[in-house]
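Presented below is the structure to which this report refers.
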Ligand code: TRP
């Protein structure tokens with residue numbers, strides 16, 4: 001069975017080293033696994049909730065897309081798209097909104113935190129809170145459920161949102177599924193081993209702590225400067241160091257193989273100075289990040305290439321989303337009005353196909369004709385030309401009500417190779433069929 005893995009990246013910032021190690025790299029590695037179908041997207045609608053600076057949104061979309069591509073994302077394998085290029089997401093968002101309990105949204109962490117902050121500041125509880133923030137988890141549920149994702153790799157702060165998505169999915173299935181599981185129930189996935197890279201000060205690397213190491217920004221120099229600022233203890237060169245209490249080592253390890261990790265530890269225990277240790281870390285990270293940075297610069301210089309990749313991704317995503325949304329619209333009752341009559345007409349056609357049929361038509365000579373064909377389409381009778389369509393219609397009507405009896409006086413000829421009794425039999429069958437139709441119409445009133 002294919003496992004569908006989906007995750008969104010909110011496009012508000014510029015990726016730093018912690019984003020790369022904690023999210024981008026593991027996602028790309030996981031996307032190469034056999035039996036996995038990955039959907040990665042730029043959550044630019046979610047970005048609008050957090051940011052009202054259009055230029056920053058634009059810049060961030062470009063940088064994040066370029067980062068993922070530079071980091072080796074294989075867009076042949078993975079469906080990589082922008083949320084805002086898939087209108088089915090916002091359409092599903094509404095369907096889900098209609099089955100989401102308001103009380104549940106009241107309990108969402110991000111919304112509650114905003115209300116609490118207003119309380120602390122003695123503000124109105126709703127001050128500065130948009131409906132976008134309030135309904136944020138529903139849009140996220142739409143992202144996930146539209147593609148029936150099984151697994152959703154996220155940070156710990158997002159786990160509640162995945163649980164809400166499960167809940168909404170369950171309610172929708174129950175209400176509209178008629179015993180069918182319209183939506184897969186998604187599962188949050190937190191990769192404990194790589195979840196967090198420490199920042200300069202040892203706390204989780206995060207923009208909000210202002211302790212980040214840039215990934216590409218500022219080039220090798222910015223990387224070197226940031227690593228130089230990593231906090232260590234005050235042991236001097238020559239003094240033994242404790243590798244297990246140094247977050248410089250954690251950052252080092254994120255880029256090192258087992259042997260390199262061991263060597264680094266041994267050297268620190270043997271007295272390697274922090275300055276030298278940091279130089280090693282810079283070299284190690286640069287070895288991995290340097291080539292990516294070059295690809296990144298090339299991509300950012302050619303946004304049209306990124307645009308093309310994202311458009312292709314959106315087309316791929318919509319090839320899945322469009323038919324599924326049609327099914328969901330059906331399920332909730334948003335159905336096309338012609339579907340039912342069409343089905344009826346098809347049924348009537350099927351019945352008709354079992355009996356002979358008259359067809360009236362006009363030729364290029366401007367004259368009117370009719371003909372009789374057998375159930376299998378064989379031509380039986382052919383009329384002469386009429387100046388008026390009405391005349392042809394009158395004859396057809398008479399044939400339908402009086403059957404073979406009309407044959408003697410009607411201006412028609414037998415088709416080539418057709419015996420008279422064959423035409424008579426067909427006319428009798430048609431007459432009987434018409435009588436039946438009349439009777440059933442009369443019965444319905
Ligand atoms: N809210 C997520 C975050 O801030 C981003 C996101 C949006 C997302 N839609 C998603 C993550 C769907 C996973 C699945 O990190």
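The numbers here are math on the coordinates, done by the rules we state, and not lab data. As the structure is a computational prediction, the values presented were derived from the model and not from experiment. Here the Cβ is made from the backbone with ideal geometry for all residues, glycine too, and neighbour counts use every protein chain on show.
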Residue 360 and residue 196 label points (each 7 Å along its Cα→Cβ direction) are spaced in nm at 8.2
Would you work out the relative contact order for the stretch 342-444, in percent, from Cα pairs under 8 angstrom that are 6 or more residues apart?
23
When only Cα pairs under 8 Å and 6 or more residues apart are kept, what is the percent relative contact order across the chain?
14
List 92, 133 from most exposed to least, where exposure is judged by having the fewest other Cβ atoms within 10 Å.
133, 92
Be a star and scan the stretch 156-177 for residues whose amide nitrogen sits under 17 Å from the point 7 Å along the Cα-to-Cβ vector of residue 209.
156-158
By Cβ neighbour count within 10 Å, fewest first, 368, 40 rank 368, 40
Spin-label pair residue 391/residue 123, simplified geometry with 7 Å Cα→Cβ offset, distance in nm
8.7
Calculated from DSSP helices alone, with each H run of at least 4 adding -39500 (n - 2.57) and the total divided by the residues of the chain, [θ]222 nm to the nearest 500 comes to -16500 deg cm²/dmol
Mean Cα-pair separation over length for the stretch 206-308, i.e. relative contact order, pairs under 8 Å, 6 or more apart, %
31
Residue 441 versus residue 239, label points 7 Å from Cα toward the beta carbon: distance in nm?
10.5
Tell me the angle of helix 109-120 to the major Cα principal axis of the chain, expressed in degrees between 0 and 90 and rounded to the nearest ten.
60
Kirkwood hydrodynamic radius, computed over distinct alpha-carbon pairs, for the stretch 126-204: how many Å, to one decimal?
14.3
Nearest 10 degrees is fine. How inclined is helix 420-444 to the longest principal axis of the chain, computing both from alpha carbons?
60
Alpha carbon centroid spacing (whole Å) that separates the stretch 377-445 from the stretch 224-294:
96
So what's the chain giving for Rg/Rh, alpha carbon basis, Kirkwood Rh from the mean inverse pair distance?
1.28
Please order 209, 81, 111, 45 by the number of other Cβ within 10 Å, starting at the fewest.
209, 111, 45, 81
Can you pull the semi-axes for the stretch 207-298, root of five times each eigenvalue of the Cα gyration tensor, sorted largest first, whole Å?
24, 15, 11
FRET efficiency for residue 330 and residue 174, using Cβ-Cβ distance with R0 set to 22 Å, rounded to 0.05
0.85
Quick check: the angle from helix 274-301's long axis to the longest principal axis of the chain, C-alpha only, nearest 10 degrees?
30
Quick one: give the max-minus-min coordinate of the C-alpha atoms of the stretch 342-444 along each principal axis, largest first, in Å.
40, 30, 24
The chain: most fluctuating residue of 14, 232, 67 per GNM, C-alpha cutoff 10 Å
232
